[in-house]
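Encoded as structure tokens, the structure appears first; notes follow it.
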């Protein structure tokens with residue numbers, strides 16, 4: 001980061017620490033004065049919401065880990081003990097289990113927002129790639145967390161997903177052996193998944209810090225997709241965006257609480273309340289809802305390796321988005337043609353998700369195949385071609401000119417900033 | 001926008017067709033009216049107590065409920081003395097004692113409900129090869145939950161002419177595959193309710209399903225009561241946040 005001028009604080013202790021370790025200056029700079037484009041809408045709150053979800057997951061997960069036993073003969077019963085006998089254990093577990101779903105909802109909205117407003121384009125490529133890595137690590141963490149209660153879907157989900165790696169030539173089988181710690185999904189698998197499920201959220205936390213650091217170098221994008229040109233285009237993060245994000249967080253928490261308290265098992269599968277049994281295969285093995293579009297792509301390809309490559313490729317592809325999209329214009333607001341294809345992609349993702357929840361046969365298999373083809377077609381063909389052919393609408397000169405009728409005033413805090421400097 | 005509309009329409013059409021095909025295969029499980037349903041719903045304690053009576057007199061001959069401590073029943077209105085009495089009705093194996101021997105003692109409220117069979121193999125051997133599932137989580141472990149339990153218990157009937165039942169199996173209209181080892185166990189007046197309620201099969205199924213909902217989710221009432229408070233608090237907080245946001249941002253325009 002660029003050299004930051006130290007902030008002078010009223011509290012002498014804070015000043016003493018800050019002159020030796022400038023964490024307060026850093027926080028003041030990054031969270032008080034950080035200039036946010038004044039026209040950001042509520043979709044920009046989902047970054048903050050996702051961050052809060054990560055905190056909730058780490059906090060509840062820590063207390064669950066204190067009561068959980070990662071042995072195949074104890075895991076299921078220890079989870080039930082949490083549900084029945086641990087004080088407010090049911091609350092902590094339902095907050096954690098539904099929290100995973102809410103975390104994914106927040107992250108998916110966050111990602112589609114970035115897609116719609118072109119937030120991945122220069123100069124935010126590394127910010128975006130860090131986001132894709134966060135998404136991947138999150139998926140791994142969620143998958144391993146779902147295995148821990150050691151119910152039927154835990155066991156069979158783990159069996160299906162770990163077996164995928166065996167599709168890779170040469171390295172496949174050693175990877176599967178490493179994941180299993182034996183010859184099948186069994187106690188060593190559960191143990192290492194627990195260890196990794198505890199570790200990965202902290203890896204995520206580190207990645208989120210990098211993600212935020214990269215964001216604060218080039219600043220937040222905005223619905224117009226044009227750069228902020230000065231203080232007339234921005235507001236200081238605190239208090240303007242803290243209170244706006246705060247409101248969005250509370251609304252999000254209301255939806256979250258509705259699930260936790262009134263339909264806590266709605267997003268789970270009933271089979272996971274049956275203890276794992278390696279001798280009884282469930283009629284349909286389905287992953288958690290947030291994996292369904294990728295699961296549909298996996299099953300759409302009639303070849304195991306091909307399916308695995310399609311599934312991983314669909315995520316890896318996202319990392320190349322800044323270079324696949326050739327258009328200089330960021331926001332869909334000024335891209336009339338791409339905007340329609342954006343919505344078709346969103347619908348495609350929903351259809352793939354539904355197809356993933358159905359048995360892979362008949363018309364659903366066909367729909368999944370068309371959906372998979374379209375997903376790759378969108379990113380590999382439509383995006384590059386549209387960037388060249390599309391006639392975009394003229395961009396406004398500046399954010400303030402576009403959003404304020406009379407040019408508008410400058411936010412109070414924006415002026416205060418230079419005066420506070422020593 | 002036309003391309004978009006066409007896409008949505010065709011997608012909806014495809015979903016509709018496939019959805020209809022799916023529905024024709026599955027068994028419809030009718031929804032019942034449960035006093036514990038909804039935001040303010042609480043467990044019907046009288047029904048759950050009657051359900052416990054059926055569990056004790058009928059179900060527990062074959063089905064275990066191994067995750068549930070007897071003291072849990074305090075949640076459906078049994079007093080401490082009643083719980084001690086219920087627990088004392090079971091004989092538990094404890095030990096080893098100082099001589100290194102296992103011994104029998106009367107149950108305590110802290111004990112879990114004893115299982116009717118020592119292991120799954122013994123359960124299968126006594127039940128024509130079928131394994132009676134544990135009931136601790138039954139209301140959460142089946143699609144449809146308590147509605148499924150009700151539909152299953154009232155779903156025994158004579159097999160259609162084209163269905164050939166395997167030896168020792170019974171026909172149930174909602175069980176996957178329709179052939180089930182469990183017999184039609186609920187009979188009119190099969191139990192004599194302590195509270196004088198008429199024991200029809202529907203009443204018995206309703207009471208058992210209520211009881212199993214309670215044992216699968218003993219904190220259901222506390223959860224919903226807390227939920228109402230949490231959501232009310234969040235609604236007020238959201239109102240305050242929104243007012244603050246409006247006031248603050250109004251200075252910008």
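The values are calculated or read from the model by the stated rules, or taken from the named source; none is laboratory data. From a predicted model like this one, the values you see are computed outputs, not experimental measurements. Methodologically, a virtual Cβ is constructed for each residue, glycine included, from the backbone with ideal geometry; neighbour enumeration extends over all protein chains shown.
Since residue A:45 meets every condition but one in (1) in contact with a helix residue (DSSP H, G or I) (Cβ under 9 Å, 6 or more places away or on another chain); (2) within 14 Å of another protein chain (Cβ to nearest Cβ); (3) more than 27 Å from residue A:105 (Cβ to Cβ), which condition does it not meet?
Among (1) in contact with a helix residue (DSSP H, G or I) (Cβ under 9 Å, 6 or more places away or on another chain); (2) within 14 Å of another protein chain (Cβ to nearest Cβ); (3) more than 27 Å from residue A:105 (Cβ to Cβ), residue A:45 violates only (3).
So which residues in the range A:271-301 are modelled with pLDDT of 95 or more, at the interface with chain B (Cβ under 10 Å from one of its Cβ atoms) and within 23 Å of residue A:354 (Cβ to Cβ), if there are any at all?
Passing the criteria: A:271, A:272.
Any residue at all in the range B:121-130 that's part of a loop (DSSP other than H, G, I, E, B), within 22 Å of residue B:67 (Cβ to Cβ) and more than 20 Å from the chain's Cα centre (by Cα)?
Yes.
So residue A:169 fits all but one of (1) assigned to a helix (DSSP H, G or I); (2) farther than 30 Å from residue A:80 by Cβ; what number is the exception?
Here residue A:169 clears every test but (1).
What is the number of the single condition among (1) within 14 Å of chain B (Cβ to nearest Cβ); (2) surrounded by fewer than 20 Cβ atoms within 10 Å (Cβ to Cβ); (3) within 18 Å of the chain's Cα centre (by Cα) that residue A:108 does not meet?
If we test residue A:108 against (1) within 14 Å of chain B (Cβ to nearest Cβ); (2) surrounded by fewer than 20 Cβ atoms within 10 Å (Cβ to Cβ); (3) within 18 Å of the chain's Cα centre (by Cα), just (1) comes out false.
Among the residues of the range B:85-98, is any modelled with pLDDT of 95 or more, buried (at least 19 other Cβ atoms within 10 Å of the Cβ) and closer than 20 Å to residue A:276 by Cα?
No.
Would you confirm whether any residue within the range B:226-249 is touching a residue at least 60 places away in the same chain (Cβ under 8 Å), surrounded by fewer than 20 Cβ atoms within 10 Å (Cβ to Cβ) and out of contact with any helix residue (DSSP H, G or I) (no Cβ under 6 Å at 6 or more places or on another chain)?
Yes, that holds for at least one residue.
Working carefully through the options A:190, A:224, find the one that is over 24 Å from residue A:46 (Cα atoms) and surrounded by 19 or more Cβ atoms within 10 Å (Cβ to Cβ).
Within the list A:190, A:224, the selection yields A:190.
Check residue A:267 against each of (1) more than 12 Å from chain B (Cβ to nearest Cβ); (2) more than 19 Å from the chain's Cα centre (by Cα); (3) farther than 23 Å from residue A:127 by Cα and name the one condition it does not meet.
Among (1) more than 12 Å from chain B (Cβ to nearest Cβ); (2) more than 19 Å from the chain's Cα centre (by Cα); (3) farther than 23 Å from residue A:127 by Cα, the lone unmet condition for residue A:267 is (2).
Would you mind stating whether residue A:258 is farther than 15 Å from residue A:45 by Cβ, assigned to a helix (DSSP H, G or I) and within 14 Å of another protein chain (Cβ to nearest Cβ)?
Answer is yes for this residue.
Would you mention how many residues in the range A:388-403 are in contact (Cβ under 8 Å) with a residue 60 or more places away in the chain and over 18 Å from residue A:343 (Cβ atoms)?
Looking only at that region, the number is 9.
Kindly check whether there is at least one residue in the range B:93-113 that is under 30 Å from residue B:32 (Cβ atoms), within 14 Å of chain A (Cβ to nearest Cβ) and outside any loop (DSSP other than H, G, I, E, B).
yes
Would you confirm whether or not the range A:129-137 contains a residue that is farther than 27 Å from residue A:51 by Cβ and surrounded by 22 or more Cβ atoms within 10 Å (Cβ to Cβ)?
For the range A:129-137, residues farther than 27 Å from residue A:51 by Cβ and surrounded by 22 or more Cβ atoms within 10 Å (Cβ to Cβ): absent.
Among the helices (runs of 4 or more DSSP H) contained in the range A:302-399, which hold 1 or more residues that are under 22 Å from the mean Cα position of the chain (by Cα) and away from every other protein chain (no Cβ under 11 Å)?
Because the criterion is at least 1 residues that are under 22 Å from the mean Cα position of the chain (by Cα) and away from every other protein chain (no Cβ under 11 Å), the helices (runs of 4 or more DSSP H) in the range A:302-399 that meet it are A:304-319, A:321-324, A:336-357, A:362-377.
Residues of the range A:245-255 being at the interface with another protein chain (Cβ under 7 Å from one of its Cβ atoms), under 30 Å from residue B:139 (Cα atoms) and crowded, with 20+ Cβ neighbours inside 10 Å, which ones?
Listed by number, the list holds a single entry, A:253.
Can you pull out the residues in the range B:56-70 that are part of a helix (DSSP H, G or I) and crowded, with 20+ Cβ neighbours inside 10 Å?
Once the filter is applied, which keeps residues that are part of a helix (DSSP H, G or I) and crowded, with 20+ Cβ neighbours inside 10 Å, the range B:56-70 yields B:59, B:70.
Could you say which residue among B:164, B:178, B:206 is under 12 Å from the mean Cα position of the chain (by Cα), farther than 15 Å from residue B:61 by Cβ and more than 13 Å from chain A (Cβ to nearest Cβ)?
Testing whether each residue is under 12 Å from the mean Cα position of the chain (by Cα), farther than 15 Å from residue B:61 by Cβ and more than 13 Å from chain A (Cβ to nearest Cβ) leaves just B:206.
Consider the range A:227-237. How many of its residues are more than 14 Å from chain B (Cβ to nearest Cβ) and buried (at least 16 other Cβ atoms within 10 Å of the Cβ)?
1
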